[in-house]
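Right, one structure below, let's go through it.
Since every read-out is calculated from the coordinates, none of them should be taken as a lab result. As the structure is a prediction and not an experimental result, all values here were calculated from the model. Cβ placement follows ideal geometry from the backbone for every residue including glycine, while neighbour counts extend to all protein chains displayed.
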Amino acid sequence: MKLINDVILKNNLFQELLKMNAIEYSLDKASARMKIDESIMTFYGMVYGGAIFALAEVVSIAASVTNDKSYVTMDSTVKFLNPAYGEYLVAHAEVIYRGEGNCSVDVVVNDENDTLIAKAMLTMFEIESSAV
């Protein structure tokens, strides 16, 4: 799992900008947390859907690369089920399929009270490691 340490967890300005940090990861699984503040909230006082999706995508990539291959998002579907308020969001991703050059990742995003905020399914495309 060298790739997740070298690429995903170090020097990622996007994750810093959105105040995301890894919680844990193992083969085909990853979890991350994102702090909620005014910078990602709508004028209604809830978290932007795009910020929720960004968390889902980052944790999907983290779960994908646990096999030490590089992936980018090829396709995604997200269902926003409840508005997100509070202090932070937690996303859990699991690779449910690995094929020739791709994988499918299931993601659940909850708030700190374990309220289901969103579910996502992402298809990841394997790229050459030298492209990373």
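Mean silhouette area of the chain, derived from the convex hull of its C-alpha atoms and averaged over all directions, reads 7.4 nm². Using a Gaussian network model of the chain in which every pair of alpha carbons under 10 angstrom is joined by a spring, one finds that among Glu94, Glu38, Glu24 the greatest mean-square fluctuation is at Glu38.
Take every pair of alpha-carbon atoms less than 8 Å apart whose residues are at least six positions apart; their mean separation over the length of the stretch 9-95 yields a relative contact order of 37 percent. Computed from Cα atoms, the angle from the helix 49-64 axis to the main principal axis of the chain rounds to 30 degrees.
Lys and Arg at +1, Asp and Glu at -1: add these up for the other residues within a Cβ distance under 15 Å of Gly49 and post the number. Please list the in-between numbers first.
Working: positive: Lys79, Lys119; negative: Glu57, Asp111.
Local charge sum for Gly49: 0.
Residues with beta-carbon under 12 Å from that of Arg98, excluding Arg98: net charge, scoring Lys, Arg +1 and Asp, Glu -1? Local charge sum for Arg98: -3. Relative to the Cα centre, the charge distribution of the chain, modelled as +1 at Lys and Arg Cβ and -1 at Asp and Glu Cβ, gives a dipole magnitude of about 20 debye. Taken over the stretch 2-131, lysine pairs spaced eight or more positions apart, or on distinct chains, with alpha carbons under 22 Å apart number 16.
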